[in-house]
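Below: one structure, written as structure tokens.
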Amino acid sequence: MTIRIALLNDFDLVVTGLSGLLAPFNDLEVVEANVGSTDLEQSVDIALFDSYGRAGFPWQELTELLSQPTTKHVVVFTFAFDQDLVERALAMGVHGYLWKGMSASAIADALRRVA
């Protein structure tokens, strides 16, 4: 089974880096890599949403992403692990909350578990 992933971030550097980081995993396919947009053109199993680099936590963007019929699961990818942020994100329907300091294999394993 191939897991289709969209990478969503405000910085090209991060999107490109994540694409390269996930490339060796044959069961993970990056089908969209969007800089500055949460609008998806394709259906995906997981939208990996990076919350860093925005003014405040992007609750509105997460709400919009969760409501898109093209997105099966939404996972937050961040350095911000305040308990209130994690609990609020999970309560609104986010399917995972991953730390940016994870290894490539740990990220891949987490994405598999979410999917």
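Computed quantities for the displayed model
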quantity: Residues within segment 67-101 that are in a loop (DSSP other than H, G, I, E, B) and either at pLDDT below 90 or touching a strand residue (DSSP E or B) at 6+ places or on another chain (Cβ under 9 Å) (or both), tallied; calculated: 10
quantity: Positions within segment 26-36 being closer than 18 Å to Asp109 by Cβ and in contact with a Lys or Arg (Cβ under 9 Å, 6 or more places away or on another chain), in sequence order; calculated: Asp27, Leu28, Glu29, Val30
quantity: Scope segment 32-51; condition part of a loop (DSSP other than H, G, I, E, B) and within 23 Å of Arg113 (Cα to Cα); matching residues; calculated: Thr38, Leu40, Gln42, Ser43, Ser51
quantity: Test: residue in segment 19-31 that is open to solvent by less than 10 Å² (accessible area, probe 1.4 Å), in contact (Cβ under 8 Å) with a residue 12 or more places away in the chain, of a type outside the set (Phe, Trp, Tyr) and assigned to a strand (DSSP E or B); calculated: no
quantity: Positions within segment 47-68 being within 18 Å of Asn34 (Cβ to Cβ), touching a residue at least 12 places away in the same chain (Cβ under 8 Å), surrounded by fewer than 19 Cβ atoms within 10 Å (Cβ to Cβ) and not aliphatic (A, V, I, L, M), in sequence order; calculated: Tyr52, Gly53, Arg54, Glu61, Thr63, Glu64, Gln68
quantity: Selection status of Leu111, open to solvent by less than 10 Å² (accessible area, probe 1.4 Å) and over 12 Å from the mean Cα position of the chain (by Cα); calculated: no
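The values are calculated or read from the model by the stated rules, or taken from the named source; none is laboratory data. This structure is a prediction, so every number in the text was calculated from the model and none was measured. Backbone-built Cβ (ideal geometry, glycine too); neighbour counts: all protein chains shown. We work out accessible area using only protein heavy atoms, side chains counted, and drop any ligands, DNA or RNA first. Shrake-Rupley method; radii C 1.70, N 1.55, O 1.52, S 1.80 Å.
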